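These notes concern the structure reproduced below.
The values are calculated or read from the model by the stated rules, or taken from the named source; none is laboratory data. This is a predicted model, so every value here is computed, not measured. Here the Cβ positions follow ideal geometry from the backbone for every residue, glycine too, while neighbour counts run over all protein chains shown.
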Amino acid sequence: MVSEKKYDIIHTLMLVMAAFFWGTTFVAQSIGADYVGAYTYLASRSWIAVAVLLPVMKIFGKEDPVSYEKEEFNIGKIRLSRIQYKLIGGCACGLFLFTASGLQQIGMAYTTTAKAGFITALYVVFVPVAYLFTGGKVSSKIWLCVIMAVIGLYLLCMNDTLSLNFGDGIILISSFFFTLQIITVNYFVRKINALILSWTQFLFTAIVSTIVMFIFEQVTAENIINAFPAILYAGIFSSGVAYTLQILGQKGLNPTIASIAMSLESVFSAVSGWIILGEKMTFKECTGAIIMFLAIIISQIPLKRKASL
């Protein structure tokens, strides 16, 4: 029998892999933004994710009907059918993902990449606070890891002042919505197949962002074709693969630890810029990356006595 701690490590590695795809997608995101608007980009990558995940969901998204005889699908005191519960769960996750991703893309036009990365990853602080409000518990060890992750993020990303401009404020709001997406996934994934939840989430995001795209943005085939390589990479790896890994990883993991692992996207973004774009990493940035990795490692070290996370 595989130990519970080993499962935790496996789920953490899933989230680290998701962070890798999110971080390496930064280059594609920057290229895509040169040709298409924020919601055109979001709609295109979301439809690609829907198409990529559909056959995977059909094969691996089968659920055990026996398990549903014992499950109660309730939200508060409201009794729901299995179909209603899955639909509400996917739409709720999709709503927060759509809002967070759109705001992030808009805010990046008004601030530096470094500040955008730092402010977005502040969900590493917001998630444990939100988790406390939903009745969860966070141990002192995990709070230490959260502090380490924030320090590492600051050293890795911040070269400017801490003053907030318009773009910074928009991205800060997007970080709150990323927090809500993480907490919502944690709530629904315990009773919904991860692949079904992921696919429904992207279907909702794709439909809503397409509507917003046609209302507020000018869409041309030429611009989409120019941005298509970047959109394709983001749709397959950052959306389809990474967000599915997020849901699979969160299914067996405390959301606070999950947020620490996912914040490594800033590290992978810096490393990919160093490797692909030839950008230099300073000693301060390398130190920040090391501190963040140490936070992940420490979060996986079991305490001598069992404690709530």
Fill in the blank from the handout: Among residues of region 219-229 being hydrophobic (A, V, I, L, M, F, W, C) and surrounded by fewer than 15 Cβ atoms within 10 Å (Cβ to Cβ), the residue nearest to W22 (Cα to Cα) is I225
Handout entry: Test: L232 is at pLDDT below 80 and either part of a helix (DSSP H, G or I) or surrounded by 16 or more Cβ atoms within 10 Å (Cβ to Cβ) (or both)
Key = no
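For region 33-50, check the following and say yes or no: at least one residue is more than 30 Å from Q218 (Cα to Cα) and modelled with pLDDT under 90.
Of the residues in region 33-50, the ones more than 30 Å from Q218 (Cα to Cα) are none.
No.
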Completion exercise
Scanning region 49-63 residue by residue, those surrounded by fewer than 22 Cβ atoms within 10 Å (Cβ to Cβ) and within 21 Å of N226 (Cβ to Cβ) turn out to be A51
Completion exercise
Across (1) modelled with pLDDT of 90 or more; (2) in contact with a His (Cβ under 9 Å, 6 or more places away or on another chain), G252 clears everything bar (1)
Completion exercise
Checked A289, A307, A270 against criteria (modelled with pLDDT under 85 and in contact with an Asp or Glu (Cβ under 7 Å, 6 or more places away or on another chain)); the one match is A270
Practice task
Keeping to region 172-215, report how many residues are within 25 Å of A121 (Cα to Cα) and not in a helix (DSSP H, G or I).
Solution key: 2
Fill in the blank from the handout: Checked pairs for region 248-276, first free of Cβ contacts under 8 Å to residues at least 60 places away in the same chain, second in a loop (DSSP other than H, G, I, E, B) and surrounded by fewer than 23 Cβ atoms within 10 Å (Cβ to Cβ), C-beta under 8 Å and 6 or more apart or across chains, list as W274/K280; W274/M281
Exercise for the section: Could you tell me which residue of region 112-139 is farthest from the chain's Cα centre (by Cα), considering only residues that are farther than 29 Å from F26 by Cβ and without any contact (Cβ under 8 Å) to a residue 60 or more places away in the chain? Expected result: G135
Handout entry: region 73-102, subset out of contact with any Leu (no Cβ under 7 Å at 6 or more places or on another chain), crowded, with 18+ Cβ neighbours inside 10 Å and at pLDDT below 90, residue farthest from S198 (Cα to Cα)
Key = Y85
Exercise for the section: Search region 130-139 for residues being assigned to a helix (DSSP H, G or I) and not aromatic (F, W, Y), and hand back the single one that is modelled with the lowest pLDDT. Expected result: L132
Exercise for the section: From the list I260, I275, pick out the single residue that is buried (at least 24 other Cβ atoms within 10 Å of the Cβ) and either β-branched (V, I, T) or assigned to a loop (DSSP other than H, G, I, E, B) (or both). Expected result: I260
Exercise for the section: Look at region 180-202 and say how many of its residues are within 16 Å of S101 (Cα to Cα) and out of contact with any Ser or Thr (no Cβ under 8 Å at 6 or more places or on another chain). Expected result: 5
Practice task
Report the residue count in region 189-218 for those that are closer than 20 Å to G89 by Cα and either charged (D, E, K, R) or crowded, with 18+ Cβ neighbours inside 10 Å (or both).
Solution key: 20
Practice task
With respect to S266, determine if the residue is buried (at least 24 other Cβ atoms within 10 Å of the Cβ), within 28 Å of A130 (Cα to Cα), in contact with a Leu (Cβ under 7 Å, 6 or more places away or on another chain) and not aromatic (F, W, Y).
Solution key: yes
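Based on what the data block shows, is S259 within 18 Å of T179 (Cα to Cα), at pLDDT 80 or above and among the hydroxyl-bearing types (S, T, Y)? Before the answer, list the steps.
Values: within 18 Å of T179 (Cα to Cα): yes; at pLDDT 80 or above: yes; among the hydroxyl-bearing types (S, T, Y): yes.
Criteria met by S259.
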Practice task
Confirm whether V127 is aliphatic (A, V, I, L, M), buried (at least 24 other Cβ atoms within 10 Å of the Cβ), outside any loop (DSSP other than H, G, I, E, B) and at pLDDT 85 or above.
Solution key: yes
